Amino acid sequence: AKELGGGRVHWFDAAMDDRAADSARLSADLEQALTHGEMFLLYQPIVELPSHRRAGVEVLLRWRHPQRGLIAPDVFIPMAERSGLILDIGLWVLENACRQGALWQHRYGDDAPAKVSINVSALQLAEPGFVADVEDILARTGVDRSRLMLEITETAVLDSGPALAAVRELRQRGLRVALDDFGTGQSSLSLLLDCPVDVLKVDKSFVSGSAVSNAGAAIVEGLIGFTSRLHLEAVAEGVETTEQAEHLHSAGYRLAQGYLFGRPIPAEAVEAAIDETVKK
Ligand code: C2E
Ligand code: CA
Ligand code: CA
Ligand code: CA
């Protein structure tokens with residue numbers, strides 16, 4: 001048994017080295033992912049309650065690694081942030097999502113997703129020239145800025161003056177900004193005084209607890225009162241059950257997102273769904 005124990009310690013160290021090497025390899029592979037065409041976008045519906053009518057879509061990035069298959073954004077986005085590659089990746093996402101939004105706008109008019117919501121990393125926001133890059137992309141793709149929403153997290157603006165200034169500037173220029181994963185950070189409420197946004201995305205951890213615990217329900221109900229007092233719109237994230245959807249609707253939520261209404265899907269599948277509703 002002792003031998004086994006010793007062996008295990010040894011094995012454990014080797015495994016740690018393996019993991020570090022593995023992560024370094026993946027991070028190196030990420031450098032070519034864009035130019036090799038391995039990145040693509042999925043779109044998850046954001047719906048109105050209680051009709052489940054599509055009000056918009058959130059753009060979610062995917063990486064198909066040539067050997068390892070799909071890598072989750074929770075794995076590769078932090079890597080891209082550490083290496084600074086997120087700046088190129090983020091611009092690629094913005095450009096492609098805006099091009100898609102413009103195409104839908106022209107093809108479907110009022111039947112197009114009303115809002116295309118794009119995740120923006122803290123590093124992008126704090127980068128000088130980000131607002132100018134956004135303006136370039138808007139001009140190049142021809143998308144209507146009123147159809148866009150930029151999703152930022154509270155950590156992005158918490159300790160960065162430049163990021164905060166960028167948010168203000170973007171809103172002055174008619175872009176809408178959503179605070180993502182609301183409630184999971186450190187000083188959510190006070191942040192809103194400094195950094196006005198248009199939408200709060202209420203984190204799925206509260207939503208999933210809302211139907212089972214009084215505390216979850218209280219938070220979800222409290223937040224909707226709070227957002228309407230501040231004239232903000234609320235989106236409930238991570239809705240998976242009809243019970244949750246019903247509770248959210250009766251609490252006053254008008255917008256929701258989650259597997260109950262639809263998983264992230266490719267653009268063609270969004271188009272098939274639009275064609276389906278237009279036919280009806
Ligand atoms: P997020 O912005 O909070 O996006 C929502 C995540 O929740 C997505 O995971 C989505 O697939 C997942 N989700 C949606 N509905 C449900 C549900 O009902 N239940 C559960 N359990 N999960 C649900 P995904 O696509 O894996 O993305 C993870 C995170 O990666 C995102 O969290 C976002 O922080 C980041 N990310 C994704 N795409 C981009 C991007 O283009 N740029 C940046 N900077 N970050 C991105
Ligand atoms: Ca998001
Ligand atoms: Ca979120
Ligand atoms: Ca998140």
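Worth a mention:
- Residues located in segment 24-57, provided they are touching a Phe, Trp or Tyr at 6+ places or on another chain (Cβ under 8 Å) and on the phi > 0 side of the Ramachandran plot: His52
- Unique match (being away from ligand 4 (no atom under 16 Å from the Cβ), touching a residue at least 12 places away in the same chain (Cβ under 8 Å), surrounded by 17 or more Cβ atoms within 10 Å (Cβ to Cβ) and of a type in the set (Val, Ile, Thr)) among Val220, Val235, Val239, Val207: Val220
- Within segment 96-137, the set of residues being polar (S, T, N, Q) and under 20 Å from Asp198 (Cβ atoms) comprises Gln105, Ser117, Asn119, Ser121, Gln124.
- Helices (runs of 4 or more DSSP H) fully within segment 167-280 that include at least 2 residues being at pLDDT 95 or above: 242-251, 267-279.
- Filter result for Leu148 (in contact with a helix residue (DSSP H, G or I) (Cβ under 9 Å, 6 or more places away or on another chain) and either polar (S, T, N, Q) or away from ligand 3 (no atom under 14 Å from the Cβ) (or both)): yes
- Here Thr184 fulfils each of the conditions (1) within 15 Å of the chain's Cα centre (by Cα); (2) within 16 Å of ligand 4 (Cβ to nearest atom); (3) under 21 Å from Val47 (Cβ atoms) apart from (3).
- Considering (1) away from ligand 2 (no atom under 15 Å from the Cβ); (2) under 16 Å from Pro50 (Cβ atoms); (3) of a type in the set (A, V, I, L, M, F, W, C), the lone condition that Leu230 does not fulfil carries the number (2).
Let's see how each residue does on (1) in contact (Cβ under 8 Å) with a residue 60 or more places away in the chain; (2) among the hydroxyl-bearing types (Ser, Thr, Tyr); (3) loosely packed, with under 14 Cβ neighbours inside 10 Å:
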{"position": "Asp22", "(1), (2), (3)": "no, no, yes"}
{"position": "Leu26", "(1), (2), (3)": "no, no, no"}
{"position": "Asp29", "(1), (2), (3)": "no, no, no"}
{"position": "Pro50", "(1), (2), (3)": "yes, no, no"}
{"position": "Gly56", "(1), (2), (3)": "yes, no, no"}
{"position": "His65", "(1), (2), (3)": "no, no, no"}
{"position": "Leu70", "(1), (2), (3)": "no, no, yes"}
{"position": "Asp74", "(1), (2), (3)": "no, no, yes"}
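- The residues listed here are Val157, Val93, Val143; of these, the one that is assigned to a loop (DSSP other than H, G, I, E, B) and either over 28 Å from Asp194 (Cβ atoms) or within 16 Å of ligand 4 (Cβ to nearest atom) (or both) is Val143.
- Cβ-Cβ distances below 6 Å connect the following pairs, each with a first residue in segment 85-100 that is without any contact (Cβ under 8 Å) to a residue 60 or more places away in the chain and under 21 Å from Ala28 (Cβ atoms), a second residue that is hydroxyl-bearing (Ser, Thr, Tyr) and within 16 Å of ligand 2 (Cβ to nearest atom), and a separation of six or more residues or different chains: Ile86/Ser121; Gly90/Ser121.
- Candidates in segment 125-140 are the residues that are in a helix (DSSP H, G or I) and touching a Pro at 6+ places or on another chain (Cβ under 8 Å); of these, the one that is surrounded by the fewest Cβ atoms within 10 Å (Cβ to Cβ) is Ala126.
- Of the residues in segment 148-161, not one is surrounded by 19 or more Cβ atoms within 10 Å (Cβ to Cβ) and over 19 Å from the mean Cα position of the chain (by Cα).
- Filter result for Glu58 (within 28 Å of Ala272 (Cβ to Cβ), in contact with a helix residue (DSSP H, G or I) (Cβ under 7 Å, 6 or more places away or on another chain) and within 13 Å of ligand 1 (Cβ to nearest atom)): no
- Residues (in contact with an Asp or Glu (Cβ under 8 Å, 6 or more places away or on another chain), surrounded by fewer than 21 Cβ atoms within 10 Å (Cβ to Cβ) and outside any helix (DSSP H, G or I)) located in segment 103-120: none
- Among (1) more than 16 Å from ligand 3 (Cβ to nearest atom); (2) touching a residue at least 60 places away in the same chain (Cβ under 8 Å), the one test that Ala178 misses: (1)
The values are calculated or read from the model by the stated rules, or taken from the named source; none is laboratory data. Owing to the predicted nature of the structure, the values given are computational and were not obtained by experimental measurement. With ideal geometry, Cβ positions are generated from the backbone for all residues, glycine too; neighbour counts draw on all protein chains shown.
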